[in-house]
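Report on one structure; see the data block that follows.
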Amino acid sequence: PIGVKLGPKSTVDGALRLIDRLDPNREPGRLTFITRMGAGKIREALPALVDGVTKSGAQVLWVCDPMHGNTEKANNGYKTRSFDNILREISQFFAVHKSEGSYPGGIHLEMTGQHVTECTGGAYGLSEHDLAQRYRTQCDPRLNADQVLELGFLVADLLKDARNNR
């Protein structure tokens, strides 16, 4: 299996060239496209990619990485991610696949079971001012245990709604 990250500037032609090079025999399960486009760009970038890849006959697994496209620098200098943007990108990922008649295959999250304050938002309303309390990451901000549980329930609702609307 090979995973390829696709950003908001990815093109259908580029994706098809990757498929031809990395999966010339169109083997199901061979190629995973990991979209990391950001909540503000996925609705305009992903539909054409999904449509073009589907029409090519390639059978790729589509995975949403809502973390990397939504990284931002807070006013106080901390690298962070907004819970709302993460959820919005996931919601739009599911919506695009529904409208294109394709299957959303997975979600990639960066998370920890620790009570860190690295991502803003969520039910407890972490703000930029809260980041300094327990900012522990050495690299990328992670969802804390409360945020990831909340996100899990919200994604379950998205899946339930998608199933009920079929």
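The values are calculated or read from the model by the stated rules, or taken from the named source; none is laboratory data. Quantities reported herein were computed from a predicted structural model and do not represent experimental measurements. Heads up, the Cβs are rebuilt from the backbone with ideal geometry, glycines too, and the neighbour counts pull from every protein chain shown. Ligands, DNA and RNA are excluded from the accessible area calculation, which covers all protein heavy atoms including side chains. Shrake-Rupley method; radii C 1.70, N 1.55, O 1.52, S 1.80 Å.
Just checking, how many residues over segment 88-116 are out of contact with any helix residue (DSSP H, G or I) (no Cβ under 8 Å at 6 or more places or on another chain) and among the acidic types (Asp, Glu)?
The qualifying residues number 1.
Look at VAL148 and say whether it is open to solvent by less than 40 Å² (accessible area, probe 1.4 Å), at pLDDT 95 or above and assigned to a helix (DSSP H, G or I). Write out each step before concluding.
On the way: open to solvent by less than 40 Å² (accessible area, probe 1.4 Å): yes; at pLDDT 95 or above: yes; assigned to a helix (DSSP H, G or I): yes.
Yes, satisfied.
Identify the residue in segment 26-37 that is modelled with pLDDT of 95 or more and part of a loop (DSSP other than H, G, I, E, B) and, among all such residues, is surrounded by the fewest Cβ atoms within 10 Å (Cβ to Cβ). Walk me through it before giving the result.
Initially, segment 26-37 is screened for residues modelled with pLDDT of 95 or more, giving 30-37.
Filter once more, keeping what is part of a loop (DSSP other than H, G, I, E, B): 30, 36-37.
Details: ARG30: 17, ARG36: 21, MET37: 26.
The selected residue is ARG30.
Out of the residues in segment 110-134 that are in a loop (DSSP other than H, G, I, E, B) and open to solvent by 50 Å² or more (accessible area, probe 1.4 Å), which is nearest to ASN76 (Cα to Cα)?
From segment 110-134, those in a loop (DSSP other than H, G, I, E, B) are 110, 112-119, 122-125, 127, 131-134; that's our starting set.
From what is left, the residues that are open to solvent by 50 Å² or more (accessible area, probe 1.4 Å) are 113-115, 123-124, 132-134.
On the way: GLY113: 25, GLN114: 22, HIS115: 20, ALA123: 22, TYR124: 20, ALA132: 9, GLN133: 13, ARG134: 14 Å.
Step by step, filter segment 110-134, then rank; the result is ALA132.
Which residues, counting only those in segment 7-21, are of a type in the set (A, V, I, L, M, F, W, C) and farther than 10 Å from VAL60 by Cβ? Spell out how you get there, then give the answer.
From segment 7-21, those of a type in the set (A, V, I, L, M, F, W, C) are 12, 15-16, 18-19; that's our starting set.
Once the filter is applied, which keeps residues that are of a type in the set (A, V, I, L, M, F, W, C) and farther than 10 Å from VAL60 by Cβ, segment 7-21 yields VAL12, LEU16.
Sort out which residues of segment 22-62 are of a type in the set (Lys, Arg) and within 15 Å of the chain's Cα centre (by Cα), and write them in order of number. First the steps, then the outcome.
Step one: filter segment 22-62 for residues of a type in the set (Lys, Arg), giving 26, 30, 36, 41, 43, 55.
Those that are of a type in the set (Lys, Arg) and within 15 Å of the chain's Cα centre (by Cα): ARG36, LYS41, ARG43.
Can you tell me which residues in segment 38-87 are in contact (Cβ under 8 Å) with a residue 24 or more places away in the chain, among the basic types (Lys, Arg), open to solvent by 50 Å² or more (accessible area, probe 1.4 Å) and part of a strand (DSSP E or B)?
Selection gives LYS79 alone.
Would you mind stating whether SER127 is among the polar types (S, T, N, Q) and under 24 Å from LEU158 (Cα atoms)?
Values: among the polar types (S, T, N, Q): yes; under 24 Å from LEU158 (Cα atoms): no.
So SER127 fails the test.
Which of the residues that make up segment 98-119 are in contact with a Leu (Cβ under 8 Å, 6 or more places away or on another chain) and either within 30 Å of VAL53 (Cβ to Cβ) or without any contact (Cβ under 8 Å) to a residue 12 or more places away in the chain (or both)?
Keep residues of segment 98-119 that are in contact with a Leu (Cβ under 8 Å, 6 or more places away or on another chain), which gives 105-106, 109-112, 117-119.
Listed by number, the residues that qualify are GLY105, GLY106, LEU109, GLU110, MET111.
Only residues that are open to solvent by 70 Å² or more (accessible area, probe 1.4 Å) and either aliphatic (A, V, I, L, M) or not in a helix (DSSP H, G or I) (or both): list them for segment 4-25, please.
We begin by selecting, within segment 4-25, every residue open to solvent by 70 Å² or more (accessible area, probe 1.4 Å); these are 5, 9, 11, 13, 17, 20-21, 24-25.
Matches in segment 4-25: LYS5, LYS9, THR11, PRO24, ASN25.
Counting only residues that are closer than 21 Å to LEU31 by Cβ and among the hydroxyl-bearing types (Ser, Thr, Tyr), which one in segment 88-109 is least open to solvent (accessible area, probe 1.4 Å)?
Looking only at segment 88-109, we keep the residues that are closer than 21 Å to LEU31 by Cβ, and these are 93-94, 96-97, 100-108.
Imposing the further condition that a residue be among the hydroxyl-bearing types (Ser, Thr, Tyr) reduces the set to 102-103.
Numbers: SER102: 20, TYR103: 159 Å².
Restricting to residues being closer than 21 Å to LEU31 by Cβ and among the hydroxyl-bearing types (Ser, Thr, Tyr), the top hit is SER102.
Consider PRO1 against the criteria (1) of a type outside the set (Phe, Trp, Tyr); (2) open to solvent by 50 Å² or more (accessible area, probe 1.4 Å); (3) modelled with pLDDT of 95 or more: it satisfies all of them except one. Which criterion is unmet?
It is condition (3) that PRO1 fails.
What pairs come up if the first residue lies in segment 1-25 and is within 24 Å of ALA39 (Cα to Cα) and touching a residue at least 24 places away in the same chain (Cβ under 8 Å), the second is open to solvent by 50 Å² or more (accessible area, probe 1.4 Å) and part of a helix (DSSP H, G or I), and their beta carbons are under 6 Å apart, counting only those six or more places apart or on different chains?
Listed pairs, sorted by first residue: VAL4/LEU18; VAL12/ALA48.
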